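A short worksheet on the structure shown next.
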Amino acid sequence: MTLLCAAVFLGSGHGILFWIVTALGLIGMANTNTIKSQIVGVVQNNLQPLTNAVAGNTATAFSLLPGPVSGAGGGVIPLTPTVNSQSATWFGTSKKLKVRATGTVVTGAAMTLTLKLYLVPAVIAAGALANQTFTNWNLLATSTARACNTTTADWWFEAELQLSAIGTLSGIFKDCINDLFDAEAVVTAATLLTSDADLNFVLVSTLSVSNAANVNTAKEFSLEQV
């Protein structure tokens, strides 16, 4: 059905092409400032929910669905604004970048949810990334552990960041889990970055109790220019 729609509307302009790409799961339902987005879905490289079988009560990165061929695509793929290693849109330009995520968590017992935003340097992101090992990743921001007791609860997480000419990524973040807000706070700055290629973001979830009913779904993970 998706491919048929693409065939019918192809050639009708850039706006239609945007919706085709969105339908194929390549980018999210974005606004005009969106640079790149990952969305939940059922096709290759859509965000996949974190089930209890995958995450348990261990900190786990959100990952993307593999393709129909074993080993094709999928896994922990950082969200990055870079086009190639030579791009220089953010490094030392004073432009601000917003990292934004929204989602829903379902829990089967009394527990807390914590969200963390990591920056993965280019040298690390170039290799295969594990979903529960964060060695040499830069922890930028951590939410308060919020109670999500046998419930279905929405959450969101936002950070506004700037990459200086000396390679320091700094900024602010805020979040809300189950209608409980964290006030705006300063991120932990990442230093010694060398280019836009170091801007690779991963969101990590931790539910404090393992329960078969637990599912944490990131609906969208996106980057915007602000």
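I'm trying to understand the selection: among the residues of the stretch 173-196, which are among the aliphatic types (A, V, I, L, M) and either not in a loop (DSSP other than H, G, I, E, B) or not assigned by TED's automatic domain parsing to the domain that holds ARG146 (or both)? Break it down into steps so the answer makes sense when it comes.
From the stretch 173-196, those among the aliphatic types (A, V, I, L, M) are 177, 180, 183, 185-187, 189-190, 192-193; that's our starting set.
Matches in the stretch 173-196: ILE177, LEU180, ALA183, ALA185, VAL186, ALA190.
Answer yes or no: is there a residue in the stretch 184-199 that is closer than 22 Å to THR107 by Cα, of a type outside the set (A, V, I, L, M, F, W, C) and out of contact with any strand residue (DSSP E or B) (no Cβ under 9 Å at 6 or more places or on another chain).
Taking the stretch 184-199 and keeping what is closer than 22 Å to THR107 by Cα, we get none.
Scanning the stretch 184-199, I find no residue that is closer than 22 Å to THR107 by Cα, of a type outside the set (A, V, I, L, M, F, W, C) and out of contact with any strand residue (DSSP E or B) (no Cβ under 9 Å at 6 or more places or on another chain), so the answer is no.
Tell me, yes or no, whether the stretch 197-206 has at least one residue that is in the same structural domain as VAL106 (by TED's automatic domain parsing) and more than 17 Å from the chain's Cα centre (by Cα). Reasoning before the result, please.
Going residue by residue through the stretch 197-206, those that are in the same structural domain as VAL106 (by TED's automatic domain parsing) are 197-206.
Keeping just the survivors that are more than 17 Å from the chain's Cα centre (by Cα) gives none.
No, that holds for no residue.
Restricting the stretch 47-68 to residues that are loosely packed, with under 14 Cβ neighbours inside 10 Å and assigned to a loop (DSSP other than H, G, I, E, B), which is modelled with the highest pLDDT? Reasoning before the result, please.
Initially, the stretch 47-68 is screened for residues loosely packed, with under 14 Cβ neighbours inside 10 Å, giving 53, 58, 67-68.
Pick out the ones that are also assigned to a loop (DSSP other than H, G, I, E, B) and you get 58, 67-68.
Details: THR58: 98, GLY67: 78, PRO68: 73.
Top of the filtered list is THR58.
Taking the stretch 146-189 as the search range and keeping residues that are under 18 Å from the mean Cα position of the chain (by Cα), surrounded by 17 or more Cβ atoms within 10 Å (Cβ to Cβ) and among the acidic types (Asp, Glu), which one is farthest from GLU224 (Cα to Cα)?
Out of the qualifying residues, it is ASP175.
Checking LEU117 against (1) hydrophobic (A, V, I, L, M, F, W, C); (2) farther than 15 Å from PHE62 by Cα; (3) in a strand (DSSP E or B), which single condition isn't satisfied?
(2)
Report yes if THR114 is β-branched (Val, Ile, Thr), within 18 Å of LEU47 (Cα to Cα), surrounded by 15 or more Cβ atoms within 10 Å (Cβ to Cβ) and assigned by TED's automatic domain parsing to the domain that holds ILE39, otherwise no.
Numbers: β-branched (Val, Ile, Thr): yes; within 18 Å of LEU47 (Cα to Cα): no; surrounded by 15 or more Cβ atoms within 10 Å (Cβ to Cβ): yes; assigned by TED's automatic domain parsing to the domain that holds ILE39: yes.
Against the criterion (β-branched (Val, Ile, Thr), within 18 Å of LEU47 (Cα to Cα), surrounded by 15 or more Cβ atoms within 10 Å (Cβ to Cβ) and assigned by TED's automatic domain parsing to the domain that holds ILE39), THR114 does not qualify.
For the structure I just gave you, tell me whether SER170 is in a strand (DSSP E or B), without any contact (Cβ under 8 Å) to a residue 40 or more places away in the chain and in the same structural domain as SER143 (by TED's automatic domain parsing). Step through it out loud before you land on a result.
Values: in a strand (DSSP E or B): yes; without any contact (Cβ under 8 Å) to a residue 40 or more places away in the chain: yes; in the same structural domain as SER143 (by TED's automatic domain parsing): yes.
Spelling it out, SER170 is indeed in a strand (DSSP E or B), without any contact (Cβ under 8 Å) to a residue 40 or more places away in the chain and in the same structural domain as SER143 (by TED's automatic domain parsing).
Results for (1) out of contact with any Asp or Glu (no Cβ under 8 Å at 6 or more places or on another chain); (2) within 30 Å of LEU192 (Cβ to Cβ); (3) at pLDDT below 80, shown as yes or no for each residue.
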| position | (1), (2), (3) |
| --- | --- |
| THR22 | yes, no, yes |
| MET29 | no, no, yes |
| SER70 | yes, no, yes |
| SER87 | no, yes, yes |
| LYS96 | no, yes, no |
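One residue is enough: does the stretch 128-145 have a residue meeting the conditions in a strand (DSSP E or B) and closer than 20 Å to LEU47 by Cα?
no
The values are calculated or read from the model by the stated rules, or taken from the named source; none is laboratory data. What you see is a predicted model; the values in this text were computed from it and never measured. Using ideal geometry, Cβ is built from the backbone for each residue, glycine included, and neighbour counts are taken over all protein chains shown.
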